[in-house]
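J.: Have a look at this one before I ask anything.
The values are calculated or read from the model by the stated rules, or taken from the named source; none is laboratory data. Keep in mind it's a predicted model, so treat the numbers as computed, not measured. Heads up, the Cβs are rebuilt from the backbone with ideal geometry, glycines too, and the neighbour counts pull from every protein chain shown. Note: accessible area is taken over every heavy atom of the protein model, side chains too, but ligands, DNA and RNA are not part of it. Shrake-Rupley method; radii C 1.70, N 1.55, O 1.52, S 1.80 Å.
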Amino acid sequence: MQPHAKPTHSSSPSDSSSPSDSSSPSQDAAATKTPPSSSDIKRWRQYLADERAEAAVYRQLAQRRDGEEREILLALAEAEGRHEAHWLKLLGEHAGMPKAASTRSQMLGFLARNFGSVFVLALAQRAEGRSPYAKDPAATRAMAADEQIHEEVVRGLATRGRNRLSGTFRAAVFGANDGLVSNLSLVMGMAATGVPATVVLFSGVAGLLAGALSMGAGEYVSVRSQLELLKATRPTQATLTAAPALDIEHNELVLVYLARGMSHEAAEHRAAERMGLYSCDCDPSLSLHPEAEETVNEHEAVGSAWGAAISSFCFFASGAIVPILPFIFGMTGFAALAVAGTLVGIALLSTGAVVGLLSGTSPLTRGLRQLAIGLGAAAATYGLGLVFGAAIG
């Protein structure tokens, strides 16, 4: 009997080194056994403040939505409220006065209150993906899993907004970047050859007009062609009107459904339904009802052709005018080029940051990438201008 007494003693609740106690799923109980350290309190209070701020962001976004999106956002706010309760329980009397949320959470709140756009959801997606709960022993595994799921939920909501913006926004961003880079390169190249400042200015104006018109026309043709291709791909309802007159012995209606990707058996069944030989709806996938209209909204997925063209024209022009602003105001020489490069650099950082925000990636990384590409192209053109200027001179 003695061998049985030892394991009984080792499993006593009074033994703090018990393996069963150390693997307990209740982290709350483990956390309250010893008083939290000052660093724990500081970290938990920050978590508490951020959870409150994020819940407020989701509630503010929900006020600008209706239907399913509103319900999803309110459910996210409720989940953040559960996380808030967890940190309140751990802190107990150490909760103290409400602490300010992190800068990121405060910025999210400001954007949600004043804009409520897809950019807020993109930032929230990034924030949920960077949650520290997976590595913090004070957070439960359920909380860490919640944050992972929240990232995917917010990603789905942000994707809806991205789809609504995709066509016109794409044309605007690329138009502005093309205008900035191409006209800065043109101005730098012309200035490097040693021509007068007025020639540089008129070259920049010509580049602005030519580029803006080219971009607008190109975007119109591109989007219009894509819409026409989508329309040509969508099935028509010709099967409904032609079916009664078909020869059942040579039923070409089967070929229609085979071409649409049905199996031979399914195609024959569908053709028989169309010709009135079957009165039952034997298989929901082979419904007697007319083929459903396409659920994809082409104008939402691709954008309006005129909207893309006008956006591209305007944003290319707005970008292309930046490099020639110093020359418009009478500056010349290296000083004008330095100011032009600085203004374009700021604009490239801004457009890159906007793309980063929308895509849920680092705004700084995207901004620096845009800056490096733009200034790199301008520097290369400036070098070529020096070479050509020396050759001509």
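J.: In the set A144, A139, which member is open to solvent by less than 10 Å² (accessible area, probe 1.4 Å), at pLDDT 75 or above and out of contact with any Gly (no Cβ under 9 Å at 6 or more places or on another chain)? Write out each step before concluding.
T.: Working: A144 fails: open to solvent by less than 10 Å² (accessible area, probe 1.4 Å).
Testing whether each residue is open to solvent by less than 10 Å² (accessible area, probe 1.4 Å), at pLDDT 75 or above and out of contact with any Gly (no Cβ under 9 Å at 6 or more places or on another chain) leaves just A139.
J.: Turning to a different aspect of this structure: Can you work out which of the residues in the stretch 311-353 that are without any contact (Cβ under 8 Å) to a residue 60 or more places away in the chain, touching a helix residue (DSSP H, G or I) at 6+ places or on another chain (Cβ under 6 Å) and under 19 Å from G194 (Cα atoms) is most open to solvent (accessible area, probe 1.4 Å)?
T.: That would be V339.
J.: When you go through V205, V200, V221 one by one, which is the residue that is part of a helix (DSSP H, G or I) and open to solvent by less than 30 Å² (accessible area, probe 1.4 Å)?
T.: On the way: V205 fails: open to solvent by less than 30 Å² (accessible area, probe 1.4 Å); V221 fails: open to solvent by less than 30 Å² (accessible area, probe 1.4 Å).
V200 is the lone residue from the list that is part of a helix (DSSP H, G or I) and open to solvent by less than 30 Å² (accessible area, probe 1.4 Å).
J.: Open to solvent by less than 20 Å² (accessible area, probe 1.4 Å) and without any contact (Cβ under 8 Å) to a residue 40 or more places away in the chain - does that describe any residue in the stretch 363-376? Before you say what the answer is, go through the steps one by one.
T.: The initial filter retains those residues of the stretch 363-376 that are open to solvent by less than 20 Å² (accessible area, probe 1.4 Å), namely 367, 374.
When the remaining residues are screened for being without any contact (Cβ under 8 Å) to a residue 40 or more places away in the chain, the result is 367.
Checked against the condition, which is being open to solvent by less than 20 Å² (accessible area, probe 1.4 Å) and without any contact (Cβ under 8 Å) to a residue 40 or more places away in the chain, the stretch 363-376 yields at least one hit.
J.: In this structure, does S105 turn out to be in a loop (DSSP other than H, G, I, E, B), crowded, with 17+ Cβ neighbours inside 10 Å and within 24 Å of the chain's Cα centre (by Cα)? It would help to see each step written out before you state the result.
T.: Details: in a loop (DSSP other than H, G, I, E, B): no; crowded, with 17+ Cβ neighbours inside 10 Å: yes; within 24 Å of the chain's Cα centre (by Cα): yes.
So S105 does not fit the description; no.
J.: Follow-up question, since we're still on this one. Output the residue which, of all residues in the stretch 22-59 that are hydroxyl-bearing (S, T, Y) and at pLDDT 85 or above, is most open to solvent (accessible area, probe 1.4 Å).
T.: If we filter the stretch 22-59 for residues that are hydroxyl-bearing (S, T, Y), which is where we start, we get 22-24, 26, 32, 34, 37-39, 47, 58.
Next cut, at pLDDT 85 or above only: 37-39, 47, 58.
Numbers: S37: 48, S38: 98, S39: 70, Y47: 29, Y58: 5 Å².
Across the stretch 22-59, the extreme among qualifying residues is S38.
J.: Take the residues of the stretch 60-73 that are open to solvent by 100 Å² or more (accessible area, probe 1.4 Å) and more than 18 Å from E151 (Cα to Cα): which is modelled with the highest pLDDT? Walk me through it before giving the result.
T.: As a first pass, look at the stretch 60-73 and keep what is open to solvent by 100 Å² or more (accessible area, probe 1.4 Å): 63-64, 66, 68, 71.
Of the ones still in play, those that are also more than 18 Å from E151 (Cα to Cα) are 63-64, 66.
Working: Q63: 86, R64: 81, D66: 82.
Looking at the filtered set, the residue picked out is Q63.
J.: For the stretch 380-393, name all the residues that are surrounded by 14 or more Cβ atoms within 10 Å (Cβ to Cβ), at pLDDT 90 or above and among the small types (G, A, S).
T.: Result: no residue meets the conditions.
J.: Continuing with the same structure: Could you run through the stretch 309-341 and say how many residues are over 35 Å from the mean Cα position of the chain (by Cα) and of a type in the set (S, T, N, Q)?
T.: 1
J.: Just to be sure I understand, how many residues within the stretch 359-390 are of a type in the set (S, T, N, Q) and either part of a helix (DSSP H, G or I) or within 21 Å of G319 (Cα to Cα) (or both)?
T.: From the stretch 359-390, those of a type in the set (S, T, N, Q) are 359, 361-362, 365, 370, 381; that's our starting set.
Going one step further and asking which of them are either part of a helix (DSSP H, G or I) or within 21 Å of G319 (Cα to Cα) (or both), we end up with 359, 365, 370, 381.
Counting residues in the stretch 359-390 that are of a type in the set (S, T, N, Q) and either part of a helix (DSSP H, G or I) or within 21 Å of G319 (Cα to Cα) (or both) gives 4.
J.: Taking the stretch 208-217 as the region of interest, how many residues are aliphatic (A, V, I, L, M) and open to solvent by 50 Å² or more (accessible area, probe 1.4 Å)?
T.: Just the residues of the stretch 208-217 that are aliphatic (A, V, I, L, M), to begin with: 208-210, 212-213, 215, 217.
Next, only the ones that are open to solvent by 50 Å² or more (accessible area, probe 1.4 Å) stay: 209-210, 213, 217.
Of the residues in the stretch 208-217, 4 are aliphatic (A, V, I, L, M) and open to solvent by 50 Å² or more (accessible area, probe 1.4 Å).
J.: From the list A232, A301, A243, A308, exactly one residue is modelled with pLDDT of 60 or more and either out of contact with any helix residue (DSSP H, G or I) (no Cβ under 7 Å at 6 or more places or on another chain) or not β-branched (V, I, T) (or both). Which is it?
T.: Values: A232 fails: modelled with pLDDT of 60 or more; A301 fails: modelled with pLDDT of 60 or more; A243 fails: modelled with pLDDT of 60 or more.
Answer to the check: A308.
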